[in-house]
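Notes follow once the structure below has been shown.
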Amino acid sequence: MQVSLTAMGGLERRLEVAVPAQAVSSEIETRLKQLARTARLKGFRPGKAPLMVVRKQFGDQVRAEVVSDIMRKSFAEAVSKEQLTPAAGPRIEPIALDPGSDLKYAAVFEVMPEVKVAPFEAIQIQRPTATVTEADVDAMIESMRRQRPEFKEVARTAQSTDRVTVDYDGTVAGEPFEAGQGRDVPFVIGAGQVLAEFEKAAQGGSVGESREVTIRYPDNHGSKVLAGKTAQFKLTVKKIEEQVLPPVDEEFCRAYGVEEGGIETLRTEVRASMEREMTSVIRGRVRNQVMEALYRNNPLEVPKALVEDAAQQMQVDAGRRAGAREASQLPPRAQFLDAARQRVQLGMLMGEIVRSLALTVDRARVQARVEDLVASFPNPEETRRSYLSNPEAMRQIESAVLEDQAIDAIVEKASVTDQPASFRELTGFGQNEAITGSSAT
């Protein structure tokens, strides 16, 4: 076998391979003889057809299979001989395939780049530090109370956080329109469950009072009847209820899964949940800084084929999340190329770090990761069994743990500055807390 290697620029290589005609014809002959021992041909007993008949019947098919197999085998031998690591399958360009002549072809492919990682000491990390205080736990339990409000009917004007029940009738140019009427519709003022104009009209209203609401719909509104139109609504308040937060008692604790131990057990579980969330946020911020530094400090040419594959996967994932049902509904792949390139580069860098540090998966950390994942499920034991029996899920967990181990190794050598923070600052708790209540139709 003769091999000729040409660098095409960047990571692309062109490998020309020539296999002697004798090797090809010998393999074809061997396979035809093997086939003759089992072939079933009309007019002959099984395995008794003459070789020339078998060759006439199956010769072209066998030759095509042999050529394909020889190309595959010779390509693997050639890249091994040249000490190359292809990034993806080659593009085969036939040069000579005629029977009786040497088999010649060219394989064009990209190779994996040499990966070198800059010293970790150059990485600077701002690591947040915080503790969950008693005040934080108090605030979280208060938030939990607001998630389970009770409503009590009152005889006063409606105000923010009240649940009002209304009737409404809408018209466009004086004519009623489909879905423009509602009866006994409840919503909480300030919760964003209905149009802001409805909330504004209801606030300050009394039971039995009717108010006029004018709404100008945008040109791109989903309803063709309303797009670009102005609608007039008559809204009548039928009932006003104020929120009453539940007491923190045994019943409240049971509503959050605490059957024994009462408020003290609830506080312990709430604190543990908050600490898990805070730890996850801190780890995520540190991880992001490490990844950004690795990407910035280690420029690397990556195979286009791998970038295209990653971009396609990201495109499909984005389409699936958006509810796309066919290829034409997927977002343009081009918008994912930069992120895909970064993903591929970081994957190569992390792979080299794992290899150079001889890291192996920490089984205890895998188990701990599984426990964290199942902790929030109603039936942790059943969920745990489901994870442990799913090889693909476990591979993903092991990969995440190995990445965590690599990041820990990097952080140990990086320049780390601790930045004191609070639970609220780290998690954003309470910043966008919505008023709760019954959902409106």
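Every number here is computed from the coordinates shown, using simple stated rules; none is lab data. All of these numbers come straight from a predicted model, not from anything done at the bench. Heads up, the Cβs are rebuilt from the backbone with ideal geometry, glycines too, and the neighbour counts pull from every protein chain shown.
Extending 7 Å from the Cα toward the beta-carbon at both residue 42 and residue 155 defines two label points whose distance is 10.0 nm. Would you list, by chain and number, the lysines whose Cα falls below 21 Å from the Cα of residue 48, excluding same-chain residues fewer than 8 positions away? By straight Cα distance, residue 48 reaches 33, 56. Close amide H pairs (under 5 Å, H built 1.01 Å from N) link residue 151 with 244, residues at least 5 positions away or on another chain.
Here are some pairs, 200/238; 81/304; 152/238; which of them have Cα atoms lying more than 18 Å apart in this structure? Walk me through the numbers before you get to the answer.
Values: 200/238 16 Å; 81/304 24 Å; 152/238 14 Å.
In this structure, 81/304 lie more than 18 Å apart at Cα.
Annotation: peptides 416-423, 38-45, ranked by per-residue average of other Cβ atoms within 10 Å with the highest first, follow the order 416-423, 38-45.
Measuring between their Cα centroids, segment 307-369 and segment 396-433 lie 20 Å from each other. With an a/c value under 1.5 for the gyration tensor axes a ≥ b ≥ c computed over the alpha-carbon atoms, segment 302-436 is described as rounded. Between the Cα long axis of helix 337-356 and the first principal axis of the chain there is an angle of about 70°, rounded to the nearest 10. Summing Cβ point charges (Lys, Arg +1; Asp, Glu -1) relative to the Cα centre of segment 172-225 gives a dipole of roughly 80 debye. Between the C-alpha center of segment 188-266 and that of segment 49-126 there is a gap of 65 Å. Taking the C-alpha atoms only, the angle from helix 262-297 to the longest principal axis of the chain is near 50 degrees.
Taken along its three principal axes, the alpha carbon spread of segment 2-110 comes to 59, 24, 19 Å, from the longest extent down to the shortest. Taken about its Cα centre, segment 135-213 carries a charge dipole of about 280 debye when Lys and Arg each add +1 at the Cβ and Asp and Glu each add -1 at the Cβ.
Taking a ≥ b ≥ c as the square roots of the eigenvalues of the Cα gyration tensor of the chain, is the shape rounded (a/c under 1.5), prolate (a/b larger than b/c) or oblate?
On the way: a/c = 2.66, a/b = 1.88, b/c = 1.42.
Verdict is prolate for the chain.
Determine which lysines satisfy two conditions relative to residue 413: a Cα distance under 30 Å, and not lying fewer than 8 residues away in the same chain. Cross-link targets: 116.
Taking the charge dipole of segment 241-297 about its Cα centre, with +1 at Lys and Arg Cβ atoms and -1 at Asp and Glu Cβ atoms, the residue from 297, 246, 270 reaching farthest to the positive side is 297.
For segment 23-85, rounded, prolate or oblate, judged on the Cα gyration tensor with a ≥ b ≥ c (square roots of eigenvalues), a/c < 1.5 rounded, else prolate if a/b > b/c? Prolate, because a/c is 1.5 or more and a/b exceeds b/c. Quick one: net charge around residue 335, please, counting Lys, Arg +1 and Asp, Glu -1 for every other residue with C-beta under 15 Å from its C-beta. My count for the surroundings of residue 335 gives +1. The simple spin-label model puts a point 7 Å past each Cα toward its Cβ; for residue 280 and residue 399 those points are separated by 2.0 nm. Place +1 on the Cβ of every Lys and Arg and -1 on the Cβ of every Asp and Glu in segment 2-110, take the dipole about the Cα centre, and give the residue among 88, 38, 70 whose Cα lies farthest towards its positive end. Going by the Cα projections, it comes out as 38.
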